[in-house]
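Working notes, beginning with the structure itself.
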Amino acid sequence: MATRFISVALALILALCGDVLYAQQRSASLSGTVADETGGVLPGVSVEMRPNGGQGAAVETVTDGTGVYRFENPPTGQVELVFRLINFSTLRRQVTIAAGASATANAQLLVAASADIVITAPRTFRNLAEIENPAENLVGVASAGSEGAITSAQLAVRPVNRAAEVLETVPGMIISQHSGEGKANQYYLRGFNLDHGFDFAQTVATLPVNMPTHAHAQGYADSNFLIPELVSGVQFRKGPYYAENGDFSSAGSATINYFNVLDRPVVSYTGGSFDYRRFLGAVSPKVGSGNLLAAFEYEQDNGPWVSPNGKDKYNGVVRYSLGDTRNGMSLTFLGFRNHWHSTDQIPQRAVDAGEIDRFGFIEETDGGETYRYAGAFDWLVSDANDSTRITAHVQRYGVQLFHNFTYFMDDPENGDQFEQFEERWTTGGKITHRKLRRVGGKSTETLFGVDLRNDSVGGPLGLYHTRATERLSTLRADDADQVSVGMFAESEIEWSRTLRTTFGLRGDVYHWNVVSNNPLNSGKDTSGILSPKISAAFGPWKGTELYANWGLGYHSNSALGIMLQVDPTTGDSATRSPAFARANGAEFGVRTVALKGVQTTATVWYLGFDSELIYVGDSGSTEEGPASRRKGIEITNYVYPNKWLAADLDLSFSQARFKDVPEGEDYVPGSLNRVISAGLGVNPPAGVAHGPFGSVRLRHFGPRPLLEDNSVQSKSTSIVNGEVGYQFSPRIRLRIEGFNLFDAEVSDIDYFFESRLQNEPAPVEDLHFHAAIPRSFRASLQVSF
């Protein structure tokens, strides 16, 4: 009997153990939650699980509405998880699973540098160097070594003298000025003196900034309406490698995003040297299911000039938005008006002779006025494998400029001052669709879209000879209409864990219609251009990726130059500009996060332009320009040793030369051969209520050839700026900014050309320069509510 009882008990125990073991096996799982950098959960993320450390067959699932994924009965040992989502980098993670045990692997995806995104927050964009495991997010964060995104944290402790200096966060970029502070800045990048934005495309809060067929310069980009405190991030690209980017983007492009929601309302007041005053107020209350951002800025500045700058800037933004990172809508209205007097570049001989101060003037009545009123609509809808973005804009813009660069050379009695004037309506829109899918077992991401723009320029678009701003004669008076349609597509294919390729194609068609005061310079024309692109990414290997990129690009020329037949000043026959100037670019790059807290990129690049004729707004005629080539190397470093401290070092070296010209006469005037930017910043991390903050920055750009034979060079420019402040609480912040701390007597820009002073019998070739701002300080108090 006892034996029988023991046998039954053992059987029951074995059965129970078997049930327990079976239940444990069945309940084993691998699961987790996927979120973005703001903490928002991400539904629809494709999650692959590959056994044997990523070498086995994949099993796939998708995160649910709460961002959760789950794999039942995962294999034991090491598996690789791959997380993919439109507009985010791909995350790869190794996970070890014990026999019969469950495991959790949460993931945080980074927004890609090229992402379509409508709703942005302070942590939407992150630098790879500041996250915990950057190597996991390396795949897809960018497709070139020269592509990236600047975060709001990087901007927070950066002294900004001019609003457009936000763009100096783009590695290798220099922002300067040759005239009054209300005019569009001078831009330098990759060996280019981009004048006022000729080959660098800018977008602010979805509004295109560059203006084709502009009264002053083709591609004129006045970003003085930018409010730095509202910038949530800067997405930048260099080179003609991206099918989505069209006109004016061959050297590079920048998309400047605005916040949709502020942490709390803010008011700040700034005062400083040279009668500088600035007020900013911004709020973002909850309205219905969205938020209403409203900001107003007023800025006044006289500068160090003998003839005060007299800058008066009024600037406002109203934006209503709703949604999240993946699905959102915004409606933005912007109003901007600026008036100023300007001290343009001055002749060195007049300063040497003691006739004027280096902050003095020859023509006292130079200056300008401009306005921009705009509305923009931005809508993004995404699901698990698709993303569609639609943007539309309308702008009313006007500008009036008075300049005198040659003084009394052409008209010894009245002087050579001229006026440029225009008013325009700009309308346009863009549709972009992205799709993730698998083709032949390979993961692919396809992009295709169309953009449309119409510029109706009149007022008329005028060029006048003036004396003390009074019109003496009309050199040109035109009405110009330009319509452009661009279609683009590209496809990225992941051939293996260490090889991705992207093939792209862009096609553009333009139509111009000019009605001129001289019928010979009137006419219509239509032209088109195709631009193929190819890129490849290799890796990553131990936190390092390699890139190879090639593409054709272009910039359009002014409609006035395309229709030109006779010189408006002399009446002589003139050569028409081609519709487009073709660009051909390539680069090899590397991005590494192998060292903890450090992101380094390095690129070797080339960019060439075909022979072209350029319309010169200052004279109303065309100017011949030979083919050119530029090549160089860029090295960018971001270092985050801890949550308080950040450092960066950008090194850019380039060589610019004309082609097919006599030997020794191939230097490109105004081209930079080096740019060095370095900074060290201290800022309390999120969650710290009070503490000091500050930064110090070096800004250096090397000497420039001023003539084709390099017989005259400018000097290099080195300026140290800095700021120091204290955050008394999350609501009160005091800041003191210092510019040109060592009071270097250097130039913002230099030229070498002929001019004639009133007391001179004949024109004189001379260096003309615009002095950099001397040592100055500003103090600001920011209060949040």
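Checking the a/c ratio against 1.5 first, then a/b against b/c, what shape does the Cα gyration tensor give for the range 175-229? Don't skip to the end; give the middle numbers.
Working: a/c = 1.30, a/b = 1.17, b/c = 1.11.
Cα axes put the range 175-229 in the rounded bin.
With the alpha-carbon atoms as the only input, what is the per residue convex hull volume for the range 491-630 in Å³? Intermediate results must be reported in sequence, preceding the final value.
Numbers: hull volume 18.2 nm³, N = 140.
Cα convex hull per residue, to the nearest whole number: 130 Å³.
State the percent of C-alpha pairs, over all pairs in the range 614-759, separated by a distance greater than 21 angstrom. Walk me through the numbers before you get to the answer.
Details: 6596 of 10585 pairs.
Beyond 21 Å sits 62 percent of the P(r) for the range 614-759.
Using the Cα centre as the reference, give the magnitude of the dipole from point charges on the C-beta atoms of the range 74-152 (Lys, Arg: +1; Asp, Glu: -1; all else neutral), rounded to the nearest 20 debye. Before the final figure, lay out each step's value.
Values: 5 positive and 6 negative charges, 24 e Å.
Magnitude of the dipole: close to 120 debye.
Given labels modelled 7 Å from the Cα in the Cβ direction, how far is it in nm from R775 to K542?
Those two pseudo-labels are separated by 4.8 nm.
Rounded if a/c is under 1.5, else prolate if a/b is larger than b/c, else oblate: which is the range 162-320, with a ≥ b ≥ c the root eigenvalues of its Cα gyration tensor?
Working: a/c = 2.13, a/b = 1.15, b/c = 1.86.
Oblate shape, in that a/c is at least 1.5 and b/c is the bigger or equal ratio.
Tell me, what HN-Hα J-couplings in whole Hz come from the Karplus equation 6.51 cos²θ - 1.76 cosθ + 1.60 at θ = phi - 60° for each residue of the range 683-699, using x for Gly and Pro?
After applying 6.51 cos²θ - 1.76 cosθ + 1.60, I find 8, x, x, 4, x, 8, 6, 8, x, x, 8, x, 7, 9, 9, 9, 10 Hz.
Can you tell me which of 682-691, 398-407 comes out highest on packing, and rank the rest after it, using the mean Cβ neighbours within 10 Å?
On the way: 682-691: 13.3, 398-407: 21.7.
My ranking of the peptides, most packed first, is 398-407, 682-691.
With all distinct Cα pairs included, what does the Kirkwood hydrodynamic radius of the range 490-538 come out to in Å, to one decimal, could you say? It would help to have the intermediate numbers written out before the result.
On the way: mean 1/r = 0.0709 Å⁻¹.
Result for the range 490-538 stands at 14.1 Å.
What does the extension gain come out to for S102 and V712, with contour length at 0.36 nm per residue minus their alpha carbon separation? Spell out each step's value before the answer.
Numbers: separation 610, 0.36 × 610 = 219.60 nm, distance 7.25 nm.
Full extension from S102 to V712 adds 212.4 nm.
Using a simple spin-label model with points 7 Å from Cα along the Cα→Cβ vector, what separation in nm is obtained for T526 and S289?
Output for this residue pair reads 4.3 nm.
Among H768, P265, I749, whose Cα sits farthest toward the positive end of the charge dipole of the chain (+1 at Cβ of Lys/Arg, -1 at Cβ of Asp/Glu, about the Cα centre)?
Checking the options against the dipole of the chain, the answer is P265.
Rounded to the nearest 0.05, what FRET efficiency do D386 and N759 have when you use their Cβ-Cβ distance and R0 = 60 Å?
On the way: r = 71 Å, r/R0 = 1.18.
For D386 and N759, the calculated efficiency is 0.25.
With equal scatterers on the alpha carbons only and no solvent term, can you work out the Debye log10 of I(q)/I(0) for the chain at 0.06, 0.07, 0.09 1/Å?
Each listed q maps to, in turn, -0.40, -0.53, -0.86.
Which listed residue (V283, V170, G571) has the Cα farthest towards the positive end of the charge dipole for the chain, taking +1 on Lys and Arg C-beta and -1 on Asp and Glu C-beta about the Cα centre?
Projecting each Cα onto the dipole axis, the largest value belongs to V283.
Between the range 125-181 and the range 208-224, how far is it from one alpha carbon centroid to the other, in angstrom?
The range 125-181 and the range 208-224 have Cα centres spaced 23 Å from each other.
Positive end of the dipole of the range 175-247, charges at C-beta (+1 Lys, Arg; -1 Asp, Glu), about the Cα centre: which of F236, F225, G180 has its Cα farthest in that direction?
Towards the positive end, the residue furthest out is F236.
Kindly rank 582-588, 491-497 from highest to lowest mean number of other beta carbons found within 10 Å of each residue. Before the final figure, lay out each step's value.
Details: 582-588: 20.3, 491-497: 15.3.
In descending order of packing, they fall as 582-588, 491-497.
Which residues in the range 691-717 place their backbone N less than 20 Å from a point set 7 Å from the Cα of E665 along the Cα-to-Cβ direction?
705-713
Output the direction-averaged projected area (hull surface divided by four) of the convex hull of the alpha-carbon atoms of the range 304-359, in nm².
Values: hull surface 26.4 nm².
The number I arrive at for the range 304-359 is 6.6 nm².
Please give me the summed charge of the neighbours of T33: other residues whose Cβ is under 15 Å from its Cβ, Lys and Arg +1, Asp and Glu -1.
Working: positive: R70, R93; negative: D36, E37, D64.
Net local charge, T33 excluded: -1.
Which peptide among 628-637, 736-745, 431-440 comes first, and what is the full order, when sorted by highest mean count of other Cβ atoms within 10 Å? Write down the numbers at each step before the final one.
Details: 628-637: 19.4, 736-745: 15.9, 431-440: 14.2.
Going from most to least packed, we get 628-637, 736-745, 431-440.
To test your reading of the geometry: what angle, between 0 and 90 degrees and rounded to tens, separates the Cα axis of helix 2-27 from the longest principal axis of the chain?
Compared with the principal axis, the helix lies near 10 degrees.
With a ≥ b ≥ c taken as the square roots of the eigenvalues of the C-alpha gyration tensor of the range 130-173, please select rounded if a/c is under 1.5 and otherwise prolate if a/b is larger than b/c or oblate if it is not?
Working: a/c = 4.01, a/b = 1.77, b/c = 2.27.
Oblate shape, in that a/c is at least 1.5 and b/c is the bigger or equal ratio.
Could you give the nm distance between label points at E369 and Q565, where each point is 7 Å from its Cα heading toward the beta carbon?
3.6 nm
For the range 506-582, what is the charge dipole size about the Cα centre, in debye to the nearest 20, if Lys and Arg each add +1 at the Cβ and Asp and Glu each add -1 at the Cβ? Each step should come with its number before you reach the end.
Working: 6 positive and 5 negative charges, 66 e Å.
Dipole of the range 506-582, to the nearest 20 debye: 320 debye.
Mind checking the dipole of the range 276-409: about its Cα centre, +1 per Lys or Arg Cβ, -1 per Asp or Glu Cβ, Debye to the nearest 20?
On the way: 13 positive and 16 negative charges, 119 e Å.
Dipole magnitude for the range 276-409 comes out near 580 debye.
None of the figures in this text is laboratory data; all of them are computed from the coordinates on show. Computed from a predicted model, the values in this text were never measured in an experiment. Positions of Cβ are backbone-derived with ideal geometry, glycine not excepted, and every protein chain shown enters the neighbour counts.
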